[in-house]
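Written out below as structure tokens is the structure these notes cover.
The values are calculated or read from the model by the stated rules, or taken from the named source; none is laboratory data. Everything quoted here is computed from the prediction, not taken from an experiment. Every residue, glycine as well, gets a Cβ built from its backbone with ideal geometry; the counts of neighbours run over all protein chains shown. Areas reflect the complete protein model, heavy atoms only, side chains present, ligands, DNA and RNA absent. Shrake-Rupley method; radii C 1.70, N 1.55, O 1.52, S 1.80 Å.
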Amino acid sequence: MIPEVIKILLVEDDVVDQMAFKRFVEEKSLFYDYQIAGSSRKAIELLKKSKFDCVIVDYNLGDGTAFDIFDYIVDTPFIFTTGGGDEKIAVEAMKAGAYYYHIKDPERNYLEILPVSIQKALQNREFNLEKKRAEEALMESEEKFRTISSSANDAIIMMDYNGNVSFWNNAAEKIFGFKQEEILGQNLYEKIVPDNGPNYLKSLKYFWEAGIETSLGKTVEMEAHRKNGDVCNIELSLSAVMMKKGLDTIALIRDITARKEAEKALQESEEKYRTLQENIPMGIFRSSKIGNFISANMSMVNILGFKTREEFIRTSVDKIFNNHDDKIKYFHEIEANGFVANYELELKRQDGESFWAEINAKTIRDEDGKILYYDGILEDITIKKQQKEELHQSKERLNLILQNIVNGVIAIDSDMTIFMINKKTSTLLDFYPDPDKKYILTEALVNCKDRGKVLLDAMNEEIFTNLEFQVEYPLPRTLYVTGTTFTDFDGKSAGRILILADMTREKEIEKMKTDFVSSVSHELKTPLTSIIGFSKTILNTKDIDDKSRTEFIEIIANESQRLSNLIDDVLSISKIESGQIKYDMDYINIDPIILNVFNIYKAQALKKKITIKFETIKKLPRIFADKDSIHQIAVNFIGNAIKFTPNSGNIWIRLKKNKNNLILEIEDTGMGIPQKDQDKIFDKFYRVSRPGLEIQGTGLGLSIVKDIVHMHNGQIELHSKEDKGTIFRALFPLPASKSVS
Ligand code: ADP
């Protein structure tokens, strides 16, 4: 902009010229605000101090020339004046930057054109400043563009009309792998589009070939090649710029490979999720607050017996509940807690069939906490529940079997911890574990001989059978233990099962049998020896007197009778045991049978000075029984009473009745039966051991009695006290009907 008042510095040493300039400015009313320097020193001083729009400088200055001050003028346009004939100097001044020069004429006419020169000089300065500003702006914008384009993430590529690259930024290099020097001047299409690129790219090629405007301003996604041959996804937008040479194209390219991959991965995972959701054998549902199903997977639809999802969605939630109470309870729980976990309940399919379901669901609420939906998973657990129940039952059964089996069973794991022990074991070992505690095997063996050392030693063997093992407390017992290892699913040894068989009775029976054999042989031998001895004496003694013979024959007869009794007992027991015995059952009066036995044994009692009495009641009822068996019972009871009652004792034989039974009672004042033997004396071959008091017998009598009484549905009672006496009772049930009594 040219100022209205122009600030001028006139550097002139000639006072007349100074005056002429002043006058001229005044006469012409020029808007000049001027200062005059009369010397180069003054001029430099003023130039340093103030800024001028224009300097008019005369060549010859008193203290130097105009050239001395040029360096101080800097950006201010200046006009050079000089006297005539100095054109050469004037040219020099022009070279040094003067805008114009004037040759001073004596009439001072040059002043007339000076204002025009000043005006032009100022215009020129204005133009130069403008140009400089434009140049600076251009430089700045180029700089800016370079910075932006080199730091941009997107490729910025410029191509000429033929598609040959003329600009290539850092991002382009990063995306495609070509350096600027490799690609400049090359055809972009040929470099980055695969040889057998898809058809739609043809149009792109066409664009690059023809530069038609149809592709401009659009963004297309396409595949491109990197320098190393990798395929990448790019997003391309093209714009055209008009350059001096013609139309150029700017391509903005973004590498969207990662985005595409992420999109693909997302799509795949969504797809996978959808497939999973549809195919998972569990119902997935969303239901609304008002009680409709909003969405469901096909499993949900199928579980509830619907054919299509649409049909199911229209159904109200109410319909799947079996009853109102179930529904209320379910919703109460989910609303109170915000969820239900592993909630089991019986639901209804569309056809009305009930099934068991397990539901895991939660409430979805809005910002105010109001319930929007219920989201959940539903599983049909009918079969699972059945299997669980079956498993439970079979476990229960197994447990029942194990608990009630006649043998003791202990299962231990590999570190000897007991994880199963049955009742029988507890009884056998007198070990009653707290079910909530863990025990190791040694703790169960504290009542055993040497604290179960035999068994613990055997645990080194993989399998052992019938290991004889003694329990000492509370009763001595003999156990046979069988141990086996069992393996886990992976075939590793998981532990052992010990089976305990109580062999105490068997051991005793075995001993009894041995005792029996020696007892029977002894019993047989004693009468036989007498029989042989006395018969030989009779035969070999010629003049044997009648009295002795009779006495001997009596002995032979008695001993034969004893033999016969013994053989009868053995035969009886073997008959009873083998089930061969035939009972002739009838309603009988047993009075005469007992009286008969009483009479037979009276003589024996008399020999021992034992008082024996028979007492009965009037109108003794009949019983349903076998005569011979009743006889045998009486023989045994009465025989034993005499046998085990010392001389001068008492024996009572009684027949009586109570409400339901007829009772045969034999009481003696004999030696009695020790408490510890009382439950065993009815066993076969069992005899009370009375050291130093050997009383002959087989140990079979009471066993026979017990079998017979039980056969008659009766019972035996025993009351006995050592050295005081014994009462045996046989109770026979009375017939129900009065007519037979
Ligand atoms: P046996 O009399 O042949 O020995 P039993 O079976 O009849 O066999 O009797 C078994 C055991 O019961 C006898 O050995 C005896 O010790 C005991 N016993 C039986 N009856 C009596 C009794 N009245 N008094 C004392 N002990 C008896």
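Quick notes on this structure:
- Exposure rule at most 13 other beta-carbon atoms within 10 Å, DSSP loop chymotrypsin sites (Phe, Trp or Tyr not before Pro): the chain longest free segment: 32-488
- Mean separation of Cα contacts under 8 Å, 6 or more apart, over the residue count of region 443-488: relative contact order %: 35
- Cleavage-rule hits (GluC sites (Glu not before Pro)) in region 453-554: DSSP loop, at most 11 neighbouring Cβ within 10 angstrom: Glu461, Glu462
- Contact order relative to length of the chain, as percent, for alpha carbon pairs under 8 angstrom and 6 or more apart: 5
- Approximating the spin labels as points 7 Å out from Cα along Cα→Cβ, the Phe24-to-Glu443 distance works out to 13.2 nm.
- Loop-resident sites, region 447-536, for trypsin sites (Lys or Arg not before Pro), counting at most 13 other Cβ within 10 Å (DSSP): Lys492
- Estimated FRET transfer efficiency (Ala736, Trp652; beta-carbon r; R0 35 Å; 0.05): 0.70
- Helix 200-210 and the longest principal axis of the Cα set of the chain meet at an angle near 10°.
- More than 32 angstrom apart: percent of Cα pairs within the chain: 80
- The share of accessible area on the chain that comes from carbon and sulfur is 53 percent, using a 1.4 angstrom probe.
- Axis of helix 110-151 versus longest Cα principal axis of the chain: the two differ by about 20°, to the nearest ten degrees.
- Zone of Glu87's modelled label, taken as backbone nitrogen in region 96-121 under 14 Å from a point 7 Å along Cα→Cβ: 101-104
- Simple label model, 7 Å out from Cα along Cβ direction - Val15 to Lys191, nm: 7.8
- Here Leu138 and Glu367 are evaluated by their C-beta separation; at R0 = 51 Å the FRET efficiency comes out at 0.35.
- In the chain, helices alone account for a calculated mean residue ellipticity at 222 nm of -13500 deg cm²/dmol, with every DSSP H run of four or more residues adding -39,500 (n - 2.57).
- Across region 510-549, the residues whose backbone nitrogen lies under 15 Å from the label position 7 Å along the beta-carbon direction of Glu694 are 515-530.
- Surface accessible to a 1.4 Å probe, Arg125 within the full protein complex, Å²: 50
- At a probe radius of 1.4 angstrom, the accessible area of region 86-164 per residue rounds to 66 square angstrom.
- Per residue, the convex hull spanned by the Cα atoms of region 56-108 measures out at 74 cubic angstrom.
- In nm, spacing of pseudo-spin labels at Gln393 and Lys659 (7 Å Cα→C-beta vector): 4.2
- If R0 equals 45 Å, the separation of the Cβ atoms of Ile497 and Thr275 corresponds to a calculated FRET efficiency of about 0.40.
- Heavy-atom accessible surface of region 627-712, averaged per residue, reaches 42 Å², computed with a 1.4 Å probe.
- Taking the C-alpha atoms only, the angle from helix 627-643 to the longest principal axis of the chain is near 80 degrees.
- Solvent-accessible surface (1.4 angstrom probe) belonging to His324, in square angstrom, nearest 10: 120
- Under a model in which nothing but the beta-carbon of Lys, Arg (+1) and Asp, Glu (-1) is charged, region 55-99 shows a dipole of about 140 debye around its Cα centre.
- Extended-chain gain in nm, criterion 0.36 nm per residue less alpha-carbon gap, Asn596 and Ile377: 69.9 nm
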